[in-house]
Amino acid sequence: MTDTVLVDAANTRKWGRYLYISSVVLLCAWVLVPIYFLMVNTLSSPETVNSFPKTLVPEFDLGSLTFFAGFAGMLTALKNSVLVAGMTMVMSILIGAPAVYALSRFEFRGKSTFRLLILLTRAFPLPLLALPLAVMFIRTGLDDTAFGLALVHTTLAVPFAVLITFSLFSGIPIELEEAAWTLGCTRLTAFTMVVLPLIMPGITASAIFAFVISWNEVFAAAVLTIENRTLTAFLLQNLDTSPLHLKFAGGFILVVPALIFIFAVRKYLFAMWGIANR
Amino acid sequence: MAEIQIKNVAKAFGAYQALNNINLTIADQEFMVLLGASGCGKSTLLRIIAGLETATSGEVWIGGKRIDHLSPKDRGIAMVFQNYAVFPHLTVFENIGFGLRMQKLPNAEVTRRVERVAGLMHIEMLLKRYSGELSGGQRQRVAVARALAMEPDVILMDEPLSNLDALLRMEMRAELKGVLAESKTTAIYVTHDQVK
Amino acid sequence: MNARYLPYILILPVTLFLCVFFLYPFVLVAQQAFTTGSGFTFDNFREITSHWKFPISLTNTLLLAAAVVPVQLALALLMATMVSRMGKGRDLVLYIWTIPLGISDLAAELIWLAIFEQSGFLNTMMSGLGVIDKPVNFLSYEHPGVVFLAIALAEIWRATAIMLVILVAGIGLIPKEYYEAADVFGASKWKQFTRITLPMLRPSLQTALVLRVILAFEIFAVVAALGGTLFPVLMGETYTYQFDLLNSGAAAAMVLVILAISIGFTLIILRILRVPKGASI
Ligand SMILES: Nc1ncnc2c1ncn2[C@@H]1O[C@H](COP(=O)(O)OP(=O)(O)OP(=O)(O)O)[C@@H](O)[C@H]1O
Ligand SMILES: [Mg+2]
């Protein structure tokens with residue numbers, strides 16, 4: 001009697017384990033397979049891309065890719081993208097972090113209103129703001145500059161930065177900071193010595209997010225730049241008129257940096273310093 | 001000289017009156033034990049003395065100086081927190097040496113003091129670990145060691161030994177009293193423990 | 001110190017920044033929505049709401065959000081709890097699952113186009129299995145269900161990762177003692193999930209949901225690529241007004257409508273998932 005119960009329990013556990021592993025694998029496939037398909041298309045000759053049925057392995061034809069690599073302006077666009085995204089990342093953290101600190105550590109009048117307003121800026125289709133801003137930029141000479149575009153992208157990214165860091169910040173017990181104060185820290189040094197290392201993963205997460213928002217943003221980039229196109233704006237401009245196989249190659253060019261970037265910062269995204277153990 | 005005087009201190013959290021006109025004098029180098037039921041405001045009083053909480057009314061004096069307006073770091077106090085507040089991103093060594101590093105003491109001096117207090121608290125073998133790798137009682141002793149390492153004029157301890165077994169607690173308390181008497185520190189020691 | 005003013009000083013940079021780059025252009029847009037050359041009117045709103053496509057695009061947008069967001073939430077929660085007790089391989093799995101985070105609308109639409117287009121991989125596989133004998137143009141008016149499904153799948157694929165990141169970080173902040181305590185009391189894994197993880201995760205859930213819902217109302221690029229004109233959504237109509245019809249007034253009015261809907265839903269989510277003061281960890 002007890003034996004069967006035990007065996008049953010062991011069986012359930014084994015099956016649970018299989019179920020668990022297969023769901024993990026399935027979910028990985030769910031993410032990877034579509035990207036794989038895009039890769040197959042990119043590495044196939046134009047004829048194969050437009051033919052039917054498809055093979056499920058790439059034939060390693062580099063025609064479409066070399067076409068893009070040789071495209072005039074491609075490298076400049078890439079450089080612009082990195083530049084704008086980098087500036088956006090730095091600006092949104094510098095501007096957002098103090099506000100997050102205020103939100104999570106002080107009780108002040110208007111706090112909930114402020115938080116709500118920050119949130120609600122995201123309820124606005126921000127790319128549309130690019131149009132009135134374009135007028136303003138032309139007047140101030142910011143039009144068609146990387147910095148001008150980075151300012152707009154920062155507007156897009158700051159609310160996210162504030163939101164993401166705020167929820168992580170609130171999880172850090174204030175006693176840690178108080179302990180630092182009693183040990184001779186000022187508010188600032190307590191922040192840099194204790195809080196900052198603990199929220200670094202959160203800050204990194206929102207920095208990546210800011211970078212990615214800027215990297216991927218098409219609309220404002222297309223409206224606000226002419227000579228200094230970013231990669232997405234550049235591709236959008238050229239994809240509209242391109243045949244299918246070039247579209248896929250363009251898409252692949254957009255995906256690769258994303259793969260690399262997320263890989264480079266993956267540790268920071270989640271490393272939580274064992275805060276859970278405190 | 002670090003005599004603590006608490007004059008007419010009151011604290012209200014909104015409508016709730018946590019402390020009511022407290023008057024208390026702790027003589028220089030005295031080891032004062034505060035005993036009280038849970039929720040009676042012991043931690044609140046310590047936090048007011050440390051400058052982490054502002055009193056609704058009243059005055060706090062240390063060593064003949066009024067200190068209400070000073071920030072915690074300028075009060076010459078060290079505090080052991082009820083929930084330890086051991087920094088999770090630093091090793092035990094760096095936790096204990098944290099205050100000394102803030103004072104920019106030379107490395108050798110930091111090491112000397114950290115090793116001394118770690119020895120007192122019987123945690124010298126844990127110096128390389130992180131807080132997540134400690135037991136509750138070990139973490140608590142790190143918190144005490146961190147305050148002791150500061151060699152402050154006044155030490156405020158909020159149930160610093162509550163998580164230790166009875167034997168170790170008795171031993172530690174005796175040792176604490178000895179060390180503090182030797183270093184001429186004024187101490188406030190909060191406890192639930194009736195068998196004092 | 002001047003602790004009374006410190007928080008205001010700290011929020012000043014972000015406030016100033018948003019005033020110049022958000023509020024100012026926003027006021028201009030709002031102004032545009034309420035004028036048609038001759039003073040204050042509601043004409044723009046009357047124009048857009050009376051257009052035959054408006055109810056359709058409104059329903060489509062809401063329907064899509066209703067179909068996509070709950071699935072994403074469930075999926076993100078599932079993935080986050082799965083990795084939370086994963087030993088080796090955790091880093092790799094998390095990396096794979098967060099890849100879509102870096103992928104733009106533009107790239108995502110191309111990825112899913114490769115699958116659903118007439119000579120695409122779905123057709124290849126279905127004919128390989130003998131379900132169909134010649135390629136079907138799925139993304140046409142004959143298959144509105146497939147169009148909807150394709151768009152929903154692409155959205156779920158693309159935008160679940162952001163929720164996952166927020167939730168994984170949030171779960172990391174829950175002290176594991178709570179689970180150990182629950183184990184001692186004999187709570188099942190499911191009970192632990194509903195009684196510990198979910199409540200403790202409330203701030204992260206709030207953030208994740210608000211973000212996703214707002215973005216769901218702004219959906220545009222993926223829809224445009226897969227559905228084209230077959231599946232009008234609010235944001236797409238806004239762009240049509242602005243760039244094809246060159247009617248900035250109507251576009252501005254559309255924007256305000258989207259804004260109103262987003263604000264409404266944000267408030268509802270904040271209300272439902274309110275975190276009582278002092279209840280956070
Ligand atoms: N931030 C706060 N807001 C509102 N009430 C508070 C706050 N902090 C403490 N209190 C209340 O003040 C009272 C005193 O709290 P305190 O932490 O000083 O108690 P204590 O004597 O240290 O209790 P224990 O022995 O359980 O640690 C309690 O009733 C508590 O509910
Ligand atoms: Mg207490």
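The values are calculated or read from the model by the stated rules, or taken from the named source; none is laboratory data. Note that the coordinates shown come from a computational prediction; the quantities given were computed from them, not determined experimentally. No Cβ is skipped: glycine too gets one built from the backbone with ideal geometry, and neighbour counts run over all protein chains shown. SASA here: full protein model, heavy atoms, side chains in, ligands and nucleic acids out. Shrake-Rupley method; radii C 1.70, N 1.55, O 1.52, S 1.80 Å.
Can you tell me the relative contact order of region A:69-276? Whole percent, Cα pairs under 8 Å, sequence separation 6 or more.
For region A:69-276, the relative contact order is 33 percent.
May I ask which residue of C:Thr124, C:Ala161, C:Pro7 lies farthest towards the positive end of the charge dipole of chain C, with charges of +1 (Lys, Arg) and -1 (Asp, Glu) on Cβ and the Cα centre as origin?
After comparing all options, I get C:Pro7.
Over the Cα atoms of region A:28-95, what is the Rg over Rh ratio if Rh follows Kirkwood?
My calculation puts Rg/Rh at 1.17.
What average number of partner chain Cβ atoms lie no more than 10 Å from the Cβ of the residues making up A:87-100?
3
Taking both sides together, what accessible area is buried at the A/C interface, probe 1.4 Å, expressed in Å² and rounded to the nearest 100?
For A against C, buried area totals roughly 8400 Å².
Taking the solvent-accessible surface of protein heavy atoms with a 1.4 Å probe, what is the per residue accessible area of the protein assembly as shown in Å²?
44 Å²
Would you kindly calculate the translational diffusion coefficient of region A:68-207, applying Stokes-Einstein with the Kirkwood radius from alpha carbon pairs, for 10 °C and a viscosity of 1.306 mPa s, and quote it in µm² s⁻¹ without decimals?
Approximately 92 µm²/s, per Stokes-Einstein.
Explain nothing, just the number: relative contact order of chain B, from Cα pairs under 8 Å at least 6 residues apart, as a whole percent.
Reported as a whole number, the value is 27 percent.
Could you tell me how far the Cα centroid of region B:31-104 sits from the Cα centroid of region C:162-223, in Å?
For region C:162-223 versus region B:31-104, the Cα centre distance is 35 Å.
How much FRET efficiency would the formula 1/(1 + (r/R0)^6) give for A:Val25 and B:Asn20, where r is the Cβ-Cβ distance and R0 is 56 Å, rounded to 0.05?
For R0 = 56 Å, the calculated efficiency reads 0.30.
In a GNM of chain A with a 10 Å cut-off on Cα contacts, which of A:Met39, A:Met89, A:Met193 has the highest mean-square fluctuation?
A:Met193
Over all alpha-carbon pairs in chain A, figure out the percentage whose distance exceeds 23 Å.
Value for chain A (Cα pairs over 23 Å): 67 percent.
By the gyration tensor of its Cα atoms, with a ≥ b ≥ c the square roots of the eigenvalues, what is the shape of region C:45-132: rounded for a/c under 1.5, prolate for a/b over b/c, or oblate?
Here region C:45-132 falls in the oblate category.
For chain C, set up a Gaussian network in which alpha carbons nearer than 10 Å are linked by springs, and say which option among C:Ile156, C:Ile258, C:Ile103 fluctuates the most.
Among C:Ile156, C:Ile258, C:Ile103, the largest GNM mean-square fluctuation belongs to C:Ile103.
Taking a temperature of 25 °C and a viscosity of 0.890 mPa s, what whole-number D in µm²/s does Stokes-Einstein yield for region A:21-145 with Rh from Kirkwood over alpha carbon pairs?
Answer from the Stokes-Einstein relation: 121 µm²/s.
Would you list which aspartates and glutamates come within 12 Å of C:Lys189, measuring only between C-alpha atoms, while excluding same-chain residues fewer than 8 positions from it?
Excluding near neighbours in sequence, the set is C:Glu180.
When the gyration tensor of region B:49-193 is built from Cα positions, what are the square roots of 5 times its three eigenvalues, in whole Å, from largest to smallest?
24, 18, 15
May I ask for the Kirkwood hydrodynamic radius of region C:201-281, worked out over all distinct Cα pairs and given in angstroms to one decimal?
14.4 Å
Scattering from the C-alpha atoms of region B:84-151 alone, worked out with Debye: what is log10 I(q)/I(0) at q = 0.16 1/Å?
Per q value, in the given order, log10 I(q)/I(0) is -0.42.
Quick one: pull the percent of accessible area on chain A belonging to carbon and sulfur, 1.4 Å probe, ligands and nucleic acids left out.
Roughly 72 percent of what the probe reaches on chain A is carbon or sulfur.
Rounded to the nearest angstrom and ordered from largest down, what semi-axes does the equivalent ellipsoid of region A:2-49 get from its C-alpha gyration tensor (root of 5λ)?
44, 8, 4
For B:Asp28, what accessible surface area do you get with a 1.4 Å probe? Give it in Å², rounded to 10.
40 Å²
Dividing the convex hull volume of the alpha carbon atoms of chain C by its residue count, what do you get in Å³ per residue?
Cα convex hull per residue, to the nearest whole number: 199 Å³.
What residue among A:Ile208, A:Leu142, A:Gly251 has its Cα farthest toward the positive end of the dipole of region A:69-276, where the charges are +1 on Lys, Arg and -1 on Asp, Glu, each on the Cβ?
It is A:Ile208, whose Cα lies furthest towards the positive end.
What average number of partner chain Cβ atoms lie no more than 10 Å from the Cβ of the residues making up B:73-80?
Taking all residues of B:73-80 together, the mean is 3.
Of A:Thr121, A:Thr155, A:Thr165, which is the most mobile in a GNM of chain A whose springs link Cα atoms less than 10 angstrom apart?
Of A:Thr121, A:Thr155, A:Thr165, the most mobile in the Gaussian network model is A:Thr121.
Past the 29 Å Cα-Cα mark, which pairs from B:Lys42/B:Lys65; C:Lys53/C:Lys134; B:Lys7/B:Lys73; A:Lys79/A:Lys111; B:Lys184/C:Lys176?
From the list (B:Lys42/B:Lys65; C:Lys53/C:Lys134; B:Lys7/B:Lys73; A:Lys79/A:Lys111; B:Lys184/C:Lys176), the Cα-Cα distance tops 29 Å for C:Lys53/C:Lys134; A:Lys79/A:Lys111; B:Lys184/C:Lys176.
Students often check this: by mean Cβ neighbours within 10 Å, which of C:92-101, A:63-72 ranks highest, and how do the rest follow?
Top of the packing list down: C:92-101, A:63-72.
Across peptide A:36-44, what mean number of C-beta atoms from other chains lies inside 10 Å of a residue's C-beta?
Taking the mean over all residues of the peptide, I get 4.
Using a cut-off of 14 Å between beta-carbons, work out the net charge of the residues near A:Val24 (Lys and Arg +1, Asp and Glu -1, A:Val24 not included).
+3
Once the Cα gyration tensor of region A:134-236 is found, what semi-axes does its equivalent ellipsoid get, as square roots of 5 times the eigenvalues, in whole Å, sorted largest first?
The equivalent ellipsoid of region A:134-236 has semi-axes of 38, 15, 10 Å.
Quick one: Debye curve from the C-alpha atoms of region C:1-48, no solvent, what's log10 I(q)/I(0) at q = 0.29, 0.31 Å⁻¹?
Here log10 of I(q) over I(0) equals -0.96, -1.01.
Does anything in region C:224-256 have its amide N under 17 Å from the 7 Å Cα→Cβ label point of C:Ala66, and if so which residues?
Output list for this probe position: C:232-234.
Placing one identical point scatterer on every Cα of the protein assembly as shown and ignoring solvent, what is log10 I(q)/I(0) from the Debye formula at q = 0.08, 0.09 Å⁻¹?
The Cα Debye sum returns log10 ratios of -0.77, -0.92.
Relative to the Cα centre, what is the charge dipole magnitude of chain A, using +1 at the beta carbon of each Lys and Arg, -1 at the beta carbon of each Asp and Glu, and rounding to the nearest 20 debye?
Roughly 540 debye, rounded to the nearest 20.
Quick one: what do you get for region A:205-257 if you divide its Cα Rg by 2.2 N^0.38 Å?
Taking the Cα Rg and dividing by 2.2 N^0.38 Å, one obtains 1.20.
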